[in-house]
Each structure stands twice: as C-alpha cells, then as structure tokens.
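Q: Have a look at this one before I ask anything.
No lab work stands behind these numbers, since they all come straight from the coordinates. What you see is a predicted model; the values in this text were computed from it and never measured. Here Cβ is always computed from backbone atoms with ideal geometry, including for glycine, and neighbour counts include all displayed protein chains.
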Amino acid sequence: MNRIIVTLICIVVIVGAIFTAVILSSDSKQNEDKLVETQKIAEETILDECTDEYEQIENGNMIETNSNAEKISPNCEFIQKIYYSKCGHTISNYLNLPKEMVNLTQDELKEKYSDWEIENFESNQVVLYKEMDSECGEHYLLKDREGKIVIYKILNEDLQNLEEIEETDIYTEYLTDTDKLNIEKGIRVNGKQELNQLIEDFE
C-alpha cells in the first residue's frame, strides 16, 4: 500500500515537473519572441530617426545653400537700359529701387521681370535691358542763344522742328573755346541722363 502511494506521488511529481517545464519553455519562447519583436521595432525606429535626421540635414544644407544665393540689397543701383531700333539709341534710366525687388535672387528677378533681359546682377547693381521697335523720343539739342545755353527737344531728324525745353543760366562766355564752337553749331544729346551730365559739365 505504501509503495502504491509512493509510486503515485512520484508520478504526480514527475508529471508536475514535466508540465512546469513545458509552461516555462512556452513562456521562455514567448519572451524570446517579444524580445526579438522589441529589438526589431527599436531598429526600425532608429533607422527612421536616422533617415529623418539625414533628410533634415540634407534639407538644411539645401536651405543654407539657397540662403547663400546673392540677393538684391536695399541700396542697390537699379538701371533700365532700352534700345530703340528706329533711332538706334540706347537710353539708360537710373531709377529708385522698388521695394518689392529687395532681397530677390537672380531667378526670382527673372521671373518677376520676364520681359526684360538681366544684363548684370549683383547685390549692389542690377541692370535690365530690352529692345523696342520705336524711337526713344529723347533727342536734344543744346545751342547758344544770346550768350546762354538753351535746351531744345528735336522733333524731327532734319532739325527743322525744335521744341524749347529750357533756357539755362549757363553763359557761353565762360566755356572753353572748343565748347563755345560746339554750342554754336549745336550739340546733340540722346537721353535725359546724358543731357543732365553734359549740363553739369558746363556748370
């Protein structure tokens, strides 16, 4: 009887041990699977973060590169040059820089002024150029009248039709002999810029 009891106890112990081992083995397998899955997720997260960081760095470099592009400064000299094919003259207009042009890059300026050619682009000087199939309408003649320089606008090329623009306070008697001779014949000037410069030279 005691043997039977002892045998039963042994069987129960063995079965319990086997069952416990199976359970522990199953838990260990699940834990191992969870650990593998956790590691995989961690690796994917790290990879994603590295990729994002790399993209941010690349984008940052691109932004930095773009920020280094030359831009128009607020004190930039702005010149528009127009060639008039019918009279063959090129007029350069020195203008105040429009506010909307400040900080534009060359590409942005090209897009904004698409009907102009960019002849020169620097932060301190921008020159735009275009050609027009017309006359400039800025042909002037400087002549002596009663000892003073008078400015006329030329209305036709044979100089038979002149429009008086201004009688200056510049007396011809103070000019050099060469300038006196030229004024007597009449000095032709194209464009207001050239006209103003010549008047300043005579003053």
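Q: Beyond 21 Å between alpha-carbons counts as too far, so tell me which of Lys153/Lys192; Lys71/Lys112; Lys86/Lys112; Lys81/Lys180 fall in that bin.
A: On the way: Lys153/Lys192 11 Å; Lys71/Lys112 14 Å; Lys86/Lys112 28 Å; Lys81/Lys180 31 Å.
Where the Cα-Cα span goes over 21 Å, the pairs concerned are Lys86/Lys112; Lys81/Lys180.
Q: Sum up the charges of everything whose Cβ sits under 12 Å from the Cβ of Thr90, counting Lys and Arg as +1 and Asp and Glu as -1, but leave Thr90 out.
A: Net local charge, Thr90 excluded: -2.
Q: What would the Debye equation give as log₁₀ I(q)/I(0) for region 77-132 at q = 0.12, 0.23 Å⁻¹, counting only Cα atoms as equal point scatterers?
A: -0.27, -0.90
Q: Hey, another quick one. Could you work out how far apart the two model spin labels at Asp158 and Asn103 are, taking each label as a point 7 Å from the Cα in the direction of the beta carbon, and quote it in nm?
A: So the two model labels end up 5.8 nm from each other.
Q: Work out how much length Glu167 to Asn75 would gain on full extension: take 0.36 nm times their residue separation and subtract the Cα-Cα distance, in nm to one decimal.
A: Working it through step by step, the gained length comes to 29.7 nm.
Q: Hey, what do the phi angles of region 168-175 turn into as Karplus ³J(HN,Hα) couplings, whole Hz, using 6.51/-1.76/1.60 and θ = phi - 60°, x for Gly and Pro?
A: These are the phi-based 3J(HN,Hα) values: 7, 9, 8, 8, 5, 5, 8, 7 Hz.
Q: Using modelled backbone amide H atoms (1.01 Å from N, in-plane), which distant-in-sequence or interchain residues come within less than 5 Å of Ile149's amide H?
A: Residues meeting the amide H criterion: Thr168, Ile170, Thr172.
Q: How charged is the neighbourhood of Glu184? Take every other residue with its Cβ under 9 Å from the Cβ of Glu184, and add Lys/Arg as +1 and Asp/Glu as -1.
A: Around Glu184, the surrounding residues sum to +2.
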